[in-house]
1. Could you give me the residue pairs with C-beta distances under 8 Å whose first residue belongs to segment 168-191 and is modelled with pLDDT of 95 or more, whose second residue is assigned to a helix (DSSP H, G or I) and buried (at least 17 other Cβ atoms within 10 Å of the Cβ) wherever it lies, and which are 6+ apart or on separate chains?
2. If I ask for residues that are in a loop (DSSP other than H, G, I, E, B) and farther than 17 Å from residue 150 by Cα, which ones from segment 75-87 would you list?
3. Can you tell me which of 136, 148 is free of Cβ contacts under 8 Å to residues at least 24 places away in the same chain, surrounded by 20 or more Cβ atoms within 10 Å (Cβ to Cβ) and more than 16 Å from residue 59 (Cβ to Cβ)?
4. Does any residue of segment 111-127 turn out to be in contact with a strand residue (DSSP E or B) (Cβ under 9 Å, 6 or more places away or on another chain), closer than 20 Å to residue 61 by Cβ and surrounded by 17 or more Cβ atoms within 10 Å (Cβ to Cβ)?
5. Of all the residues that make up segment 55-74, how many are surrounded by fewer than 18 Cβ atoms within 10 Å (Cβ to Cβ) and assigned to a loop (DSSP other than H, G, I, E, B)?
6. Quick one: is residue 143 part of a loop (DSSP other than H, G, I, E, B) and at positive phi?
7. If you go through segment 88-115 one residue at a time, how many are outside any strand (DSSP E or B) and in contact (Cβ under 8 Å) with a residue 24 or more places away in the chain?
8. Which of the numbered conditions does residue 64 fail, given that it passes all the others? Conditions: (1) modelled with pLDDT of 95 or more; (2) in contact with a strand residue (DSSP E or B) (Cβ under 6 Å, 6 or more places away or on another chain).
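The values are calculated or read from the model by the stated rules, or taken from the named source; none is laboratory data. Predicted model only: the values in this text are computed from it and were never measured. Every residue, glycine as well, gets a Cβ built from its backbone with ideal geometry; the counts of neighbours run over all protein chains shown.
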């Protein structure tokens, strides 16, 4: 097993990437009969609410990861609850093609919810394989170091994020890279 030493900048970037997805999910709080859960109650899915079925941390094969040019040995778990109903499972890997990482999220949030999320910007429709994709950025990412490419899933959506490493100059369009990785991974994701 490989142990990685993570710099404070890398740790902060990873937290921010995870927060964007978790923020999207949290921003769309669970409801009961159309009424939001009272503050302080559990946001965990209950009977009748969506829950993540596909887990990118365990269900993406090494073959799929190699197809999208990430190193399977560099897996970093952003969030993956050990049991129970969850609204998001998120893992990231280092790219073998540049100074960036690729994060794959499986979430109960939907593209419609992403469109309504005030913290997202630059929303554009794209095609990812046979799916209707959506790309966007987080407004808090002043350096435009991350871009998200999402596609619908039975439980909500899958989101493929490309995050450039701080201190390395960004070359090319980060959103184009996110779409490229999403297209490579799409055949390995459930419909």
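1. 185/64; 188/64
2. 75, 80, 81, 82, 83, 84, 85, 86
3. Only one candidate passes the filter, namely 136.
4. no
5. Count: 4.
6. Against the criterion (part of a loop (DSSP other than H, G, I, E, B) and at positive phi), residue 143 does not qualify.
7. So the count comes out to 10.
8. Of (1) modelled with pLDDT of 95 or more; (2) in contact with a strand residue (DSSP E or B) (Cβ under 6 Å, 6 or more places away or on another chain), only one is false for residue 64: (2).
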